[in-house]
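See structure below.
Rule-based calculations on the coordinates, nothing more; no lab input. Because the structure is predicted, anything quoted here is derived from the model rather than measured. Neighbour counts run over all protein chains shown; Cβ positions are idealised from the backbone, glycine included.
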Amino acid sequence: MADRPLWLIRAAAGLEGHGLTSIFVPTVTDVDHQPLGRTRPCRGTRIHVIEDSAGTIYHQFQRNYDCSTDTNLLVAKRLGSIAAKYVAEPFDETFFAEVEPVAKGAMDDLALRVPATRSAEGCSNQLSETWIREYIAYLVERRIVEAEALDVLEKAMRLEKPNAACT
């Protein structure tokens with residue numbers, strides 16, 4: 001099985017009132033599609049941490065997320081690759097739950113091993129950014145993702161700031 005691209009994606013503030021930074025891995029059928037391309041689907045799993053209105057912080061896996069239809073998506077930066085054996089593939093329609101906190105593959109299991117904790121700022125986007133840094137470092141430490149992914153990630157985080165302040 002071929003490696004899968006591993007993307008950092010950022011969405012502008014939408015209905016929820018804040019932007020969101022996530023990790024995105026396309027499905028095997030959309031592996032060659034560009035996340036910011038609007039002419040053909042780019043579906044996959046979007047992974048991030050969020051804080052709900054009650055202040056609970058949790059991991060979220062958005063299955064069948066299609067970058068091509070998300071009008072709030074502004075940034076897609078390829079961080080590197082991850083071996084396909086770590087990525088869960090759809091095996092039936094139940095795989096495509098909209099949003100869930102349930103892991104369905106090794107990559108998701110590894111995500112749950114990196115705790116989602118409150119940042120000093122209390123901002124959802126900064127919370128997600130902090131967690132993504134820790135998650136990518138965790139994957140690099142285990143040699144699942146190339147070390148260069150951390151450098152690419154840091155540059156992308158500095159250059160692409162859709163929401164400079166917490167909203």
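Karplus-derived 3J(HN,Hα) values for segment 44-53, using 6.51 cos²θ - 1.76 cosθ + 1.60 with θ = phi - 60°, are x, 10, 9, 10, 7, 10, 9, 10, 7, 5 Hz; glycine and proline are entered as x. Neighbour counts of other Cβ atoms within 10 Å put 143, 38, 46 in the fewest-to-most order 143, 38, 46. Summarising the amide proton neighbourhood of residue 6: residues at separation of 5 or more, or on other chains, whose placed amide H is nearer than 5 Å comprise 79, 80, 81, 82.
Distant-in-sequence amide contacts of residue 145, defined by a placed amide H-H separation under 5 Å and a gap of 5 or more residues or a different chain, comprise 140. Using θ = phi - 60° in the Karplus curve 6.51 cos²θ - 1.76 cosθ + 1.60, the 3J(HN,Hα) couplings for segment 105-117 round to x, 4, 4, 5, 4, 5, 4, 5, 7, 9, x, 8, 10 Hz; x is entered for Gly and Pro.
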